[in-house]
Amino acid sequence: MTASEAVLISVVIPAYNYAKTLPRAAESVLSQLDECSELIIIDDGSTDDTPQVIAELAERFPGKFRSIRQLNAGLAAVRNRGIEEAKGRYLIFLDADDEMCTNVLFLLKQHISRSPDTQFVIGGHISVFPDGRESRKMPDSLPEIPLDRVRAYLLDKTLRLSNGACAMDRAVFALGRYPERFRNAEDIPVFSQVLAGYKCSILNAPMARIYKHEDSLRHNLAYGMEIGDQLVAEVFDAGRLPEPMQLLRQAFLAQRYLSLFRTCAAAGTKKAGLEFYFLALKSDWRAIFRFSYTRKALKLLFGSEKYS
């Protein structure tokens, strides 16, 4: 058996200007590695001290991981590079500002040995907020029917997926890799195609500690408005999702607008928020029955709050 055949799990850490948190992420993986697993750190052209941090890690953990530096190309391109470079059957993409939970690789190997045909392992995660609060998120039961899985993920939001908290068989990327024209939300098309076409299972344990950022609300709104309908088109590309899934397209478009509406409302931008709400109704009139959104829209429209 060759070295590449012996590797079962590859952990890929994309790193771009996260010199301060990269040691935490890397060490959380390095402490768990064995002969069946590997760590790859890909520096996406960082302009901070990331190269020095990687060099220091290499001195402290000689021969324990591989590192690659490339010209800045974005997170999707780094993940695609990770697919190319990884030797393992299963891939975990752990962000450089997050952290792998204790004993995850051991638990994952046990899970795979019990379910060797699984191609997508969904674990839980722990959200860590800037004020120190933590929230444990564990996956609920997984729908057996692929259409129901995709609906639960894209529309109902009852199936929550996070990079770092799942492991994917490299075979799932045959239908499409991460779309490199997106600088955010690039995982949604991939997660959707996996849920639609591959064998999925749940690991009932937290896999990652995911650190939330104070500027994420502003960033998500700006980028969500920038990519517009492009994400919907990518998710429902016929090469990614089969025909039975296409009936969810208009509802997902409405959901995208509702998400932007909610973000605008939280940011206090009334005019843009209401525009997104009415676009949601135009895309799928049934969005009016999403009562939590409708109540918020009515409050924005007729309430006394001051919004820009």
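The values are calculated or read from the model by the stated rules, or taken from the named source; none is laboratory data. This one's a predicted model, so the numbers in the text were calculated from it and none came from an experiment. To get the accessible areas, we keep the full protein, side chains included, count just its heavy atoms, and leave off ligands, DNA and RNA. Shrake-Rupley method; radii C 1.70, N 1.55, O 1.52, S 1.80 Å.
Annotation: per residue accessible area for region 1-91 equals 47 Å², rounded to a whole number [probe 1.4 Å, protein chains only]. Database remark: amide H of residue 124 closer than 5 angstrom to the amide H of 205, 207 (H placed geometrically; neighbours at sequence offset of 5 or more, or on other chains; Pro and chain starts carry no H). Extension gain for residue 299 to residue 213 (0.36 nm times residue separation, less C-alpha to C-alpha distance): 28.2 nm. Solvent-accessible surface of region 93-185, taken per residue with a 1.4 Å probe and all protein chains present: 46 Å². Highest GNM mean-square fluctuation among 56, 234, 186, for the chain modelled with Cα contacts below 10 Å: 56.
Projection of the Cα convex hull of region 1-59, averaged over all directions and equal to a quarter of that hull's surface, yields 4.3 nm².
The H on the amide N of residue 41, modeled in the peptide plane, is under 5 Å from the matching H of 13, 66, 67, 68, each at least 5 residues off or on a different chain. Shown for region 84-193: the carbon plus sulfur share of the solvent-accessible area, taken with all protein chains present and a 1.4 angstrom probe, equals 46%.
Backbone phi angles across region 143-154, fed through the Karplus curve with coefficients 6.51, -1.76 and 1.60 (θ = phi - 60°), yield HN-Hα couplings of x, 6, 7, x, 4, 5, 5, 5, 4, 4, 7, 7 Hz in residue order; Gly and Pro are listed as x. In the chain, helices alone account for a calculated mean residue ellipticity at 222 nm of -12000 deg cm²/dmol, with every DSSP H run of four or more residues adding -39,500 (n - 2.57). Its Cα gyration tensor gives region 238-298 an equivalent ellipsoid; the semi-axes, largest first and in whole Å, are 25, 12, 8.
The alpha carbon centroids of region 258-296 and region 7-60 are separated by 40 Å. The HN-Hα couplings worked out from phi for region 49-65 by the Karplus form 6.51 cos²θ - 1.76 cosθ + 1.60 (θ = phi - 60°) are 8, 3, x, 5, 4, 5, 4, 5, 5, 5, 6, 6, 10, x, x, 8, 8 Hz, whole numbers, x standing for Gly and Pro. Antiparallel beta bridges, as assigned by DSSP with both residues in the chain, represent about 30 percent of the total such bridges. Over all orientations, region 94-216 has a Cα convex hull whose mean projected area works out to 8.1 square nanometres.
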